[in-house]
1. Output the number of residues of the range 20-46 satisfying the condition of being open to solvent by less than 70 Å² (accessible area, probe 1.4 Å) and more than 18 Å from residue 86 (Cα to Cα).
2. Mind counting the residues in the range 14-41 that are in a helix (DSSP H, G or I) and polar (S, T, N, Q)?
3. Of the residues 57, 91, 67, 95, which single one is within 13 Å of the chain's Cα centre (by Cα) and more than 21 Å from residue 106 (Cα to Cα)?
4. Taking the conditions exactly as written (at pLDDT below 95 and in contact with a Leu (Cβ under 7 Å, 6 or more places away or on another chain)), does residue 38 satisfy them or not?
5. Can you confirm whether residue 9 is surrounded by 13 or more Cβ atoms within 10 Å (Cβ to Cβ), among the small types (Gly, Ala, Ser), modelled with pLDDT under 95 and out of contact with any Phe, Trp or Tyr (no Cβ under 7 Å at 6 or more places or on another chain)?
6. Do the conditions hold for residue 72, that is, is it under 13 Å from the mean Cα position of the chain (by Cα), buried (at least 17 other Cβ atoms within 10 Å of the Cβ) and at pLDDT below 95?
Amino acid sequence: MGWAAAGAALAQPAPSPVPAPSAERQSALVRMVRQDCGSCHGMRLTGGLGPAITPQALEGKPLLSMASTIYGGRPGTPMPGWSAMLTLEEAHWVAQQLAEGFPEESRRPAR
């Protein structure tokens, strides 16, 4: 899906609330955000090369705009689009989680 199509799809009102991904997929998305996004936005998401993406930093930002940025990136900036790694609905779920306070990555017990 191209950037224009993704933007048009995200411009449509999202069902409220967006259906949550499966527990397994949520775990994978949390890991992706904490590890991959954290490499620029800081491991605690409080900023680094990229801006902070904490609830306080995102206050007042529209969820659809945040989901669009996650899905399609920001042309002309280092922010990549993650459309190859997640769906539009998952991008919206991630945006919701960021706005509410992103979950910590679950730790597996050592064997």
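1. Counting residues in the range 20-46 that are open to solvent by less than 70 Å² (accessible area, probe 1.4 Å) and more than 18 Å from residue 86 (Cα to Cα) gives 4.
2. Filtering the range 14-41 down to residues in a helix (DSSP H, G or I) leaves 23-41.
After this cut, where a residue has to be polar (S, T, N, Q) as well, the list is 26-27, 35, 39.
Number of matching residues: 4.
3. Numbers: 57 fails: within 13 Å of the chain's Cα centre (by Cα); 91 fails: more than 21 Å from residue 106 (Cα to Cα); 95 fails: more than 21 Å from residue 106 (Cα to Cα).
Every option except 67 fails the conditions.
4. Working: at pLDDT below 95: yes; in contact with a Leu (Cβ under 7 Å, 6 or more places away or on another chain): yes.
In short, yes.
5. Values: surrounded by 13 or more Cβ atoms within 10 Å (Cβ to Cβ): yes; among the small types (Gly, Ala, Ser): yes; modelled with pLDDT under 95: yes; out of contact with any Phe, Trp or Tyr (no Cβ under 7 Å at 6 or more places or on another chain): yes.
So residue 9 fits the description; yes.
6. Numbers: under 13 Å from the mean Cα position of the chain (by Cα): yes; buried (at least 17 other Cβ atoms within 10 Å of the Cβ): yes; at pLDDT below 95: no.
No, not satisfied.
The values are calculated or read from the model by the stated rules, or taken from the named source; none is laboratory data. Remember, it's a predicted structure, so these values are computed and weren't measured experimentally. Glycine also receives a Cβ, built like all others from the backbone with ideal geometry; neighbour counts cover every protein chain displayed. When the accessible area is computed, the model is the full protein with side chains, heavy atoms only, and any ligands, DNA or RNA have been set aside. Shrake-Rupley method; radii C 1.70, N 1.55, O 1.52, S 1.80 Å.
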